[in-house]
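Computed from the coordinates by the stated procedures, all read-outs in this text should not be read as laboratory data. These numbers were taken from a predicted model, which means no experiment stands behind them. Virtual Cβ from ideal backbone geometry, glycine too; neighbours counted across all protein chains shown.
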Amino acid sequence: MNILGINAYHGNASAAIVCDGQLIAAVEEERFNRVKYAAGFPVQAIRFCLKEAGLTLADIDHVGIPRNPYARLFTKLIYSVRMPSFARQRAKVLATFTGIPEALAAAFDADPQKIKAKFHRIEHHQAHLASSFFVSPFDSAALLSADGLGDFASTMWGVGDGGRMNIHGSVAFPHSLGLFYSAVTQYLGFLKFGDEYKVMGLGAYGQPEHLEAFRDIVRFDENSGVNGFRLGLDYFTHHRTGPEMSWAEADKTPTLGKLFSAEMSRHLGPVRGPAEPLELRHRNLAASLQARLEEVYLGMLRKLAKATQMKSVCLAGGVAFNCVANGKIFDSTGFEQIYVHPAAGDGGLSVGAAFYVWNQILGKPRSFVMSHAYWGPGYSRDQVRSSIDSSALSRNGYSVAELAEPDLMRNTAQIIADGKILGWFQDRAEWGPRALGNRSIVADPRRTEMKEILNRRIKHREIFRPFAPSILAESTGDYFEKSHPSPFMTLAYSVRPEKRDKIPAPTHVDGTGRLQTVTREANPRYWQLIKAFENLTGVPVVLNTSFNDNEPIVCRPEEAIDCFLRTQMDALVLGDFLITRQ
């Protein structure tokens, strides 16, 4: 039984393939077309998934599409009557999604009538919940999905038990924690799609002095049902104009129209322009935004824990990427175990759609746990060698050496310990937006100056942006105040006070780190690199950031070489090849 999941005509377009209940491949289209958050139809991602599984389109039995244009149809009709522009947008969406079988056939030059696969339209948030629960290690768990908007809902919750999910409730448009965070992100001058994580990092530099004002922007009743939140709609525009989003074009980053109204500046002060300096007021506003999100998000989870009597929770949706809030769940909610898979946002919908078909629709038992994130393209030794030979490396005086694994680990660990910056490219690419040791830039966490060096010299981004510590899983409790696994960099914990001067570079200004716990089973080579660094320095941690420079994370060896050459990295490892500047 072969199931193809497709997230199309939406941000983070992606594809995934599940064969007999096992995930074979999953990847976002942006890794191929090099367009950040690419939308459109993910042709190249689908091609890769089929090739990795050794299948053709004719071998696919089911196709899961995480969008149901008919969900909440009555509510959509009400808003369509109020807003003619919204009605036109809805009609375009309906036409686009009903044409997916034809788009798939056209991409493979096939006759649509000869595609045997059955197509399933799955509600957006049910696909989100499926993407987390059906691949989690839990037999049963509470479920929560929260994001901006999908199928006219922003939030959904329920319970997963065995191979079934039971939905208990949802929050419909226009109320949305994701749109709340996006609106304030825009107000603070961060206008690009996906900039919310920047504001989360900025918030650690301020104090939540505007929290009372934000409690009016998002209103929350701790004593009501699990949802319990409503936006103060006077501060927003999306309920009057419709959420203006561009999703259709695969060769362009999606855009969001303006989400906040003049009421926000009347209560919070002047809007910051993108080029204006970040002042204390902006840092305090970001801190207030984060504090209010945590109050509502953690409050919902408290009520969910009480209502379900569960000790485990599976999280999905864009809000589940808020690692700062996730790190507080243990102390604030009653949940003792958390699972957030590596592509919790819309990219993960393709995996969710495929497993929803396998488990929820077909009733098959669960047999897969996503214990690692390496589901993208990989490259052979000969492909890597060919990329090196055809590059400008040899012509520009770089040293290239192929090393046995023990020598590679010792030499590479020494390079890091010497304060140099290393590009690290191994095996299959990560699934999701985090570099988790296969497409990473690695540096010495002991050097305070490393954060500024990386932001200025390599990443060319805002100086306040933090970096992540990758730590040997068995050492987590020695360096952090919590030891629950965080394999996908979705939780932030406080670094133990006595260890902060040991790893200052990836320790954020608030004393936390968005950690990745690395096990030998999940990524043996990256584990060995960190272990070799520990053998040299006594520190079982390296600083890890994504292998890119204001672009999608590199996918092919050619892209890794290009990024290495145009930045100021000191060394590059491609498989067994170590490349250094003379």
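Averaging Cα coordinates gives a centre for segment 170-223 and one for segment 333-389; these two points are 29 Å apart. A crude spin-label estimate for the pair PHE119 and GLU279, with each label 7 Å from Cα along the Cβ direction, gives 5.3 nm.
With the dipole of the chain worked out from charges on the C-beta (+1 for Lys and Arg, -1 for Asp and Glu) around the Cα centre, which of THR56, ALA127, MET300 lies farthest toward the positive end? Ranked along the dipole, the leading option is MET300. Overall, the chain carries a charge dipole of about 820 debye about its Cα centre when +1 sits on the Cβ of Lys and Arg and -1 on the Cβ of Asp and Glu, all other atoms neutral. Packing here is the average count of other Cβ atoms within 10 Å per residue, and on that basis the peptides 538-544, 66-72, highest first, run 538-544, 66-72. Each peptide in 562-572, 343-353, 210-220 gets a packing score, the mean of other Cβ atoms within 10 Å over its residues, and the list from highest to lowest is 343-353, 562-572, 210-220. Extension gain, SER394 to ARG456, is 19.6 nm, computed as 0.36 nm per intervening residue step minus the present C-alpha separation. Inter-label distance, THR580 to GLN414: 0.7 nm, where each label sits 7 Å from its Cα along the C-beta direction. In the chain, Cα pairs under 8 Å separated by at least six residues give a relative contact order of 17 percent. Over segment 102-155, Cα pairs under 8 Å with separation of 6+ residues give a relative contact order of 28 percent. Counting charges near GLN337 (Lys, Arg +1; Asp, Glu -1) among other residues having Cβ under 13 Å from its Cβ returns a value of 0. When peptides 313-319, 180-186, 457-463 are ranked by their average number of other Cβ atoms within 10 Å per residue, the highest-first order is 313-319, 180-186, 457-463.
The residues neighbouring ALA473, those whose beta-carbon lies less than 14 Å from its own, together hold a net charge of -1 under the Lys/Arg +1, Asp/Glu -1 convention. Summing charges over all other residues whose Cβ lies under 9 Å from the Cβ of PHE229, with Lys and Arg as +1 and Asp and Glu as -1, gives +1.
Got the relative contact order for segment 501-582 handy, in percent, Cα pairs under 8 Å and 6 or more residues apart? Here the relative contact order equals 14 percent. Please work out the FRET efficiency for the pair LYS482 and PHE108, using the Cβ-Cβ distance as r and a Förster radius of 51 Å; give the result to the nearest 0.05. That gives a FRET efficiency of 0.60.
Placing R0 at 30 angstrom, the Cβ-Cβ distance between MET83 and LYS192 gives a FRET efficiency of 0.70 after rounding to 0.05.
Applying both filters, DSSP loop and at most 16 other Cβ atoms within 10 Å, to the trypsin sites (Lys or Arg not before Pro) of segment 99-148 gives LYS116.
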